[in-house]
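Below is one structure, written out as structure tokens, with a few remarks after it.
The values are calculated or read from the model by the stated rules, or taken from the named source; none is laboratory data. Given the structure is predicted, the values throughout are model-derived calculations rather than measurements. As a convention, Cβ positions derive from the backbone with ideal geometry for all residues, glycine included, and neighbour counts pool all protein chains shown.
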């Protein structure tokens, strides 16, 4: 590992970082003249693409008007306008927008809001635990990481985390019940009921779920029966239902919010990423009337939480403009281009190592396996996700890699989530680049004889037993 040649503390010293000098539409350009399709919008953030002049002009105007106000003492038009737009778009009772600076802050604020809700109702309440799921990601702050169900992300900090209970994900490709999509979703919901009984409903403050799984198992989503049962269970046991739409919100899945696919209304909705499409840091928790009234009108009247940049005037002004742009046909485009891309991607099943392709709108996951029949992963030291990522970059395509779908530490996948402005021709261009990169990856795996030999001894034994 070579130390960086500048003063930036990067996220990894095992990667060489191309320097991007410009972005325009769905494309990024580096200092060496290379062009890339931003096939993952950074991390499902740049929903309206790069270099939008409307946003740039609006940002200049706002910077010249008000630099900063603290939300504990002042309000201003951009804050109120942004909150009004969000409240108008979210499900009926979600009318109260608490601004933060990003996704991790959003989910962490939500669990604190859920706890304070119960405290305001009864100061002696023991409701504090948050049930979350394996194969989930809710952020990297300690509270958010406590809810996250990815072992690799938690391992270093495990002693510092809250031991929140985890239940199985609605993960059809790797479900533990060996059943169909409907019954996988049903069993996953029953797992929540079982955990509530095990922990005691009197101890459970909230349950959190992504409607479509993001980085932990990209593109996975349940049958509508899942959220129907979740809503009933939460109502029955006075548990706050938190939906994490940090990645799925603002058109990403072909609906303005992914909860619309399932006709479900959470008590708290976490949003960020596409809210400002990367042009300014922002996030929010959207609270129901029930939550807001219990804390702010019938209770103490103060939420015991806050961040310096929550409700930043520039970020709120930018988010308002981005929301206007998304509403102008981009949600429908996400739906149509997502269908087109998903149809094209079915051709990739011809490759020996493509195990599963799934998704909604322009939020699509591809999972790679060493053995399709048994869904077994490549060994970690092969680092398949990095091989795929590097080959995609060589073709001029940026994808979002991940791991941990098998046994929580092994297994490789990528997320495909291009800007919502992508055109029909650009979808085809993206697909061709991805196909070529994956063919190159397959050829190198064959050349290095990394198929069965890539499995660990325990996996090879498992394969042998299954084939008997």
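Going through (1) over 23 Å from residue 330 (Cβ atoms); (2) at pLDDT 95 or above; (3) outside any strand (DSSP E or B) one by one, residue 46 falls short only on (1). For segment 221-238, the tally of residues that are part of a loop (DSSP other than H, G, I, E, B), buried (at least 21 other Cβ atoms within 10 Å of the Cβ) and in contact with a helix residue (DSSP H, G or I) (Cβ under 7 Å, 6 or more places away or on another chain) stands at 1. Restricting 200, 219, 251, 283 to those that are over 22 Å from residue 108 (Cβ atoms), in contact with a strand residue (DSSP E or B) (Cβ under 7 Å, 6 or more places away or on another chain) and at pLDDT 95 or above reduces the list to 219. Under the condition of being touching a helix residue (DSSP H, G or I) at 6+ places or on another chain (Cβ under 8 Å) and crowded, with 24+ Cβ neighbours inside 10 Å, the residues counted in segment 303-313 number 1.
Number of residues in segment 404-446 that are in a strand (DSSP E or B) and surrounded by fewer than 22 Cβ atoms within 10 Å (Cβ to Cβ) equals 2. The residues on offer are 315, 300, 320, and the sole one that is assigned to a loop (DSSP other than H, G, I, E, B) and either touching a residue at least 24 places away in the same chain (Cβ under 8 Å) or within 20 Å of the chain's Cα centre (by Cα) (or both) is 300. Of the numbered criteria (1) touching a helix residue (DSSP H, G or I) at 6+ places or on another chain (Cβ under 7 Å); (2) at positive phi; (3) surrounded by fewer than 24 Cβ atoms within 10 Å (Cβ to Cβ), the one residue 250 fails is (3). I'd like the full set of residues that are farther than 18 Å from residue 400 by Cβ and touching a helix residue (DSSP H, G or I) at 6+ places or on another chain (Cβ under 6 Å), limited to segment 319-343. Matches in segment 319-343: 319, 320, 321, 323, 340. Quick check: anything in segment 170-182 under 28 Å from residue 283 (Cβ atoms), surrounded by 14 or more Cβ atoms within 10 Å (Cβ to Cβ) and out of contact with any helix residue (DSSP H, G or I) (no Cβ under 7 Å at 6 or more places or on another chain)? The answer is yes; a qualifying residue exists.
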